[in-house]
Amino acid sequence: MEAKRKIVYVRNNSFKIELPKEFKAGKVEVIVLPIEEKSKIKGIARLRGKLNLTQDQYLDFQKDVENAR
């Protein structure tokens, strides 16, 4: 099976895909998946707030981090 993958931009709710001449298929399946934008926040800072810890869990976590250092 031959497969082609290409990232294209959507304009006015449509896009165009051109296949190479050597791609021989009479019927194809097209799956459209949105691409998540990469976070502009770098490093560990992008994880801030992801754990949804209670205050007690947060304090326990901070103690564990200090002990690990």
Output for Cβ contacts, cut-off 7 Å, separation at least six or different chains, first residue over 14 Å from residue 33 (Cα atoms) and open to solvent by 100 Å² or more (accessible area, probe 1.4 Å) in the stretch 1-23, second modelled with pLDDT of 85 or more and assigned to a loop (DSSP other than H, G, I, E, B), reads 4/19; 4/23
Inside the stretch 58-69, can you point out the residues that are open to solvent by 90 Å² or more (accessible area, probe 1.4 Å) and within 30 Å of the chain's Cα centre (by Cα)?
58, 61
If a residue must be in a helix (DSSP H, G or I), among the charged types (D, E, K, R) and modelled with pLDDT under 80, how many such residues does the stretch 25-69 contain?
1
Looking at the stretch 25-39, which of the residues that are loosely packed, with under 10 Cβ neighbours inside 10 Å and in contact (Cβ under 8 Å) with a residue 12 or more places away in the chain is nearest to residue 2 (Cα to Cα)?
30
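The values are calculated or read from the model by the stated rules, or taken from the named source; none is laboratory data. Not measured: the values here are computed from a predicted model. With ideal geometry, Cβ positions are generated from the backbone for all residues, glycine too; neighbour counts draw on all protein chains shown. SASA here: full protein model, heavy atoms, side chains in, ligands and nucleic acids out. Shrake-Rupley method; radii C 1.70, N 1.55, O 1.52, S 1.80 Å.
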